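Only one structure is covered here, and it is reproduced in the block below.
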Amino acid sequence: MKIGTNAGHTLTGLGIGLGIELKDIPSQYSDIVEVMGLDKFIEICEFSGGQNIYIPTVKTLENTIRNKEILNSYRDGYSIKELSKKYNLTTSSIRHIVKNSL
């Protein structure tokens, strides 16, 4: 079963035929395997094995959404001061968000 490619390497189906089991996964990855399941973990290994992958925090994802809302509100005419009060951030922080988003 072909599931995709990455940099010219063919992914061949989640370690099928290799007999990879949960007991074969190094203990430092057991929490990740528990959350995503063995098949998805093996898929990630085949797709990005050996690479460092940054996984953002939920707070980072939330801040990205918040910052888009701030930029949209700014474009809609809200002032820096109004946005500062609405989002409980300093005016300097709002200016930084707007400046880096334009």
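The values are calculated or read from the model by the stated rules, or taken from the named source; none is laboratory data. If you're wondering where the values come from, they're calculated on a predicted model, not measured in any experiment. Cβ coordinates were reconstructed from backbone atoms using ideal geometry, including for glycine residues, and neighbour counts include every protein chain displayed. Areas reflect the complete protein model, heavy atoms only, side chains present, ligands, DNA and RNA absent. Shrake-Rupley method; radii C 1.70, N 1.55, O 1.52, S 1.80 Å.
Give me the net charge of GLY37's neighbourhood, meaning all other residues with Cβ under 14 Å from the Cβ of GLY37; Lys, Arg count +1, Asp, Glu -1.
Numbers: positive: LYS40; negative: GLU21, ASP31, GLU34, ASP39, GLU43.
For residues surrounding GLY37, the net value is -4.
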* Asked: Could you name the lysines in cross-link range of LYS86, using Cα to Cα under 21 Å and dropping any fewer than eight places away on the same chain?
  -> LYS59, LYS68, LYS99
* Asked: Among residues other than ASP24 whose Cβ falls under 15 Å from its Cβ, what is the net charge (Lys/Arg +1, Asp/Glu -1)?
  -> -3
* Place +1 on the Cβ of every Lys and Arg and -1 on the Cβ of every Asp and Glu in region 45-102, take the dipole about the Cα centre, and give the residue among ILE70, GLY50, SER84 whose Cα lies farthest towards its positive end. => SER84
* **region 44-102, accessible area per residue, ligands and nucleic acids excluded (1.4 Å, Å²)** => 79 Å²
* Asked: When the Karplus curve 6.51 cos²θ - 1.76 cosθ + 1.60 is applied with θ = phi - 60°, which whole-Hz ³J(HN,Hα) does each residue of region 30-35 get, with x for Gly and Pro?
  -> 4, 5, 5, 4, 4, 6
